[in-house]
Amino acid sequence: MMNIVTPDFVLRLSRLSRFAGGNDAAIRLKLHREQHLFCFELRDMEPTDEENDDAAEFLTKISGLLIHPDWLRSLLTLYPRTRIRLAAYHSVSDCEVRESLAFCLAHFVLGCSWPRFDEKSLLPSFLLLLHEEAKAFGLSAWERQDVEPFVIGFPGQCGGAEQEDVKIIETSRSLS
């Protein structure tokens, strides 16, 4: 996910980091710099076929859409940070990779982020709309209906099975 801040915000951070010396502002600037250097240094990395297949399977499970590995590889050309993370971390079990993949799908199809933990009540409606709009991109529903509930920023873990309080309604209705 790419966070864009205003020039005013960055300048305030810079001033605060010089004034307070080593506070949160300085740490935020350092983290930003390290994230961008990481991506720049690894800009040519590509996920292996197995990593890409695992990522497509993960997105299929959380979205209820049939995500083909070739389609995902094309999508990741539009989201290089996620492509680099998947290739560098070698696994969809990494929280940052999973959240980045979910973001890419939601952003590409709907122009928004994947629902966060505090928006978990929106997940069923979000998935219905995702299915409706995904048809325009040539995506279809996964025939199985056991979609794995997934929200960004779930406390203590990175989405998945422990999110039992998120109820998924049948998504096949949206594709009729």
Checklist line | Viscosity 1.306 mPa s, temperature 10 °C, Stokes-Einstein D of the range 26-86 from Kirkwood C-alpha radius, µm²/s | finding: 125 µm²/s
Check: Distance from the Cα centre of the range 32-75 to that of the range 96-155, in angstrom?
Finding: 15 Å
Item checked: Per-selection Rg to Rh, the range 57-134 - Cα, Kirkwood hydrodynamic radius -> 0.94
Notebook entry, point to check: Which cross-chain or sequence-distant (5 or more) residues have an amide H under 5 Å from the amide H of ILE152, H modelled 1.01 Å from N in plane?
Noted result: ARG116, PHE117
Note to self: Run the simple label-point estimate for LEU29 and GLU57 please: 7 Å along Cα→C-beta, distance reported in nm.
What the structure shows: 4.5 nm
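Since every read-out is calculated from the coordinates, none of them should be taken as a lab result. Remember, it's a predicted structure, so these values are computed and weren't measured experimentally. Counting neighbours? That spans all protein chains shown, and the Cβs are built from the backbone with ideal geometry, glycine included.
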